[in-house]
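Below you'll find the structure, written out as structure tokens, and then a few comments.
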Ligand code: HEC
């Protein structure tokens, strides 16, 4: 009885969902997508391989518990999945270079997820570096200004 009731609710929910889903793409500009979504999620992943120095000495973000490793894998998979949003018409720049950079970025994110699943810290570190290199590589092609070194400080600073 319970199962039948759940099935009816499920059918209703599906029907309502299908009717309500608008056929539109993201309204978030790419600048906002990068600054809020890509940057934030990449930082979260890089925390797992970061070395921090404070008054107590050096601390590593290295995953320790089963839950840490699961979370690191989730962070890498989030970046991997975000690469699909960059393939979508809302963000994709129609240029073979875009696709090339995107594929390389996705491969690095996948390698990171794989490393976390295997609890391989060295591989997690190098995949994190690869991800960073791919962020920079795409920027150098499509938004070189954001990777440019800051101008030298004026005399006296
Ligand atoms: C396939 C290409 C591509 C990849 C990969 C990519 N970006 Fe970007 N990113 C862009 C473009 C294009 C812009 C410029 C957007 C604009 O201002 O119009 C940008 C801009 C940015 C900005 C500047 C946002 C601002 O407020 O001006 C940040 C921060 C950023 N990206 C972070 C990242 C990080 C972190 C990664 C990797 C985890 C990454 N991006 C990967 C294409 C890419």
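Rule-based calculations on the coordinates, nothing more; no lab input. Values in this document were obtained by computation on a predicted structure and should not be read as measured data. Neighbour counts run over all protein chains shown; Cβ positions are idealised from the backbone, glycine included.
A few remarks follow.
- Rounded tilt (10° steps) of 96-117 against the dominant C-alpha axis of the chain: 80 degrees
- The order of 96, 136, going from fewest to most other C-beta atoms within 10 Å of their C-beta, is 96, 136.
- For the pair the range 112-157 and the range 29-45, the centres of their Cα atoms are 13 angstrom apart.
- Computed from Cα atoms, the angle from the helix 2-20 axis to the main principal axis of the chain rounds to 60 degrees.
- Label zone at residue 143, where the point sits 7 Å out along the Cα-to-Cβ direction: the range 48-78 residues whose backbone N lies under 20 Å: 78
- Overall form of the range 23-70 per C-alpha gyration tensor (a/c, 1.5; a/b vs b/c): oblate
- Base-10 log of normalised Debye intensity for the range 87-157 (one unit scatterer per alpha-carbon) at q = 0.23 Å⁻¹: -0.97
- Cα long-axis angle, helix 66-85 against the chain (0 to 90 degrees, to the nearest 10): 80 degrees
- Rounded if a/c under 1.5, otherwise prolate or oblate - the chain, Cα gyration tensor axes: oblate
- Stretchable slack from residue 23 to residue 93, in nm (0.36 nm times residue separation minus alpha-carbon distance): 23.1 nm
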